[in-house]
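The values are calculated or read from the model by the stated rules, or taken from the named source; none is laboratory data. Treat the numbers as computed from the prediction; the structure is a model and nothing was measured. Every residue, glycine as well, gets a Cβ built from its backbone with ideal geometry; the counts of neighbours run over all protein chains shown. The accessibility values were calculated without ligands, DNA or RNA, using every heavy atom of the protein model including side chains. Shrake-Rupley method; radii C 1.70, N 1.55, O 1.52, S 1.80 Å.
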Amino acid sequence: MKEFGFLQGLDWVSGLILILSIWNLGTFIHVWTILPKRKDSLKQDFLSENNPSIWEEKLSEVLFPIETKLSWMKHLAGISTMLGLLGTVLGISKAFSSLQEAGTVSLDAFAGGIQLALVTTILGLFVAIPSLFGFQFLKHRLLDLEREALSWLKIPPK
């Protein structure tokens, strides 16, 4: 008699990891493409109303939504890692269940669950590692933009 299928295939864990990877890639592309536009917009705003007393507030208002999107990238990378670990635990559990059902120690009975465990671990790390690199890369780009925009108070752009 088969179980519910909760552990069958672990497709739902891999599917969630895939969704997170697409979400993070989309966020990366969105922030990557919007940063130059925000820089140009900030430059025009600065040149049109050069009011130093409100400039830091204006800058924060423009950059805060981008920082929020970036923080999602970091959080989703962590969630991907945890989903990979969940898939590992479920795969190992399935492997031991297969051994118990077989009634004997057999590599064939054990291999399927271990393969699923390793695949979800790899997928989780495959999403998390580039996501963290992308997060750090864009975070530094955003900080560079913020520093440059604050320096306009001392040396206005052309």
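Would you give the gap between the C-alpha center of the stretch 19-45 and the C-alpha center of the stretch 92-158, rounded to a whole Å?
For the stretch 19-45 versus the stretch 92-158, the Cα centre distance is 21 Å.
So what is the accessible area of the chain per residue, in Å², with the probe set to 1.4 Å?
Working: 10220 Å² over 158 residues.
Counting only protein heavy atoms, the per-residue value for the chain is 65 Å².
Would you mind telling me the share, in percent, of accessible area of the chain contributed by carbon and sulfur at probe 1.4 angstrom?
Details: 6800 of 10220 Å².
Reported share for carbon and sulfur atoms: 67 percent.
Pick from THR120, THR68, THR88: which is most flexible by mean-square fluctuation in a GNM of the chain where alpha carbon atoms under 10 Å apart are linked?
Taking springs between Cα atoms under 10 Å, the residue moving most is THR68.
Given R₀ = 30 Å, FRET efficiency for THR68-LEU107 by Cβ-Cβ distance, to 0.05?
Numbers: r = 49 Å, r/R0 = 1.63.
Once the sixth-power term is evaluated, E becomes 0.05.
Highest GNM mean-square fluctuation, the chain, Cα pairs closer than 10 Å: which of THR121, THR104, THR81?
Comparing THR121, THR104, THR81 in the GNM, the peak value goes to THR104.
Note the angle between two axes, namely the Cα long axis of helix 11-48 and the longest principal axis of the Cα atoms of the chain, as a number of degrees from 0 to 90, rounded to the nearest 10.
0
On a 0 to 90° scale, report how tilted helix 107-151 is relative to the longest principal axis of the chain, with both axes built from alpha carbons and the result rounded to the nearest 10.
10
If the chain between ILE155 and GLU56 were fully stretched, how many nm would it gain, using 0.36 nm times the residue separation less the Cα-Cα distance?
Here the answer is 34.1 nm.
Cross-link list LYS39/LYS74; LYS37/LYS58; LYS37/LYS158; LYS43/LYS158; LYS37/LYS154; LYS37/LYS74: which exceed 19 angstrom alpha carbon to alpha carbon? Kindly include the intermediate steps, with their values, before the conclusion.
Numbers: LYS39/LYS74 23 Å; LYS37/LYS58 16 Å; LYS37/LYS158 17 Å; LYS43/LYS158 9 Å; LYS37/LYS154 22 Å; LYS37/LYS74 23 Å.
From the list (LYS39/LYS74; LYS37/LYS58; LYS37/LYS158; LYS43/LYS158; LYS37/LYS154; LYS37/LYS74), the Cα-Cα distance tops 19 Å for LYS39/LYS74; LYS37/LYS154; LYS37/LYS74.
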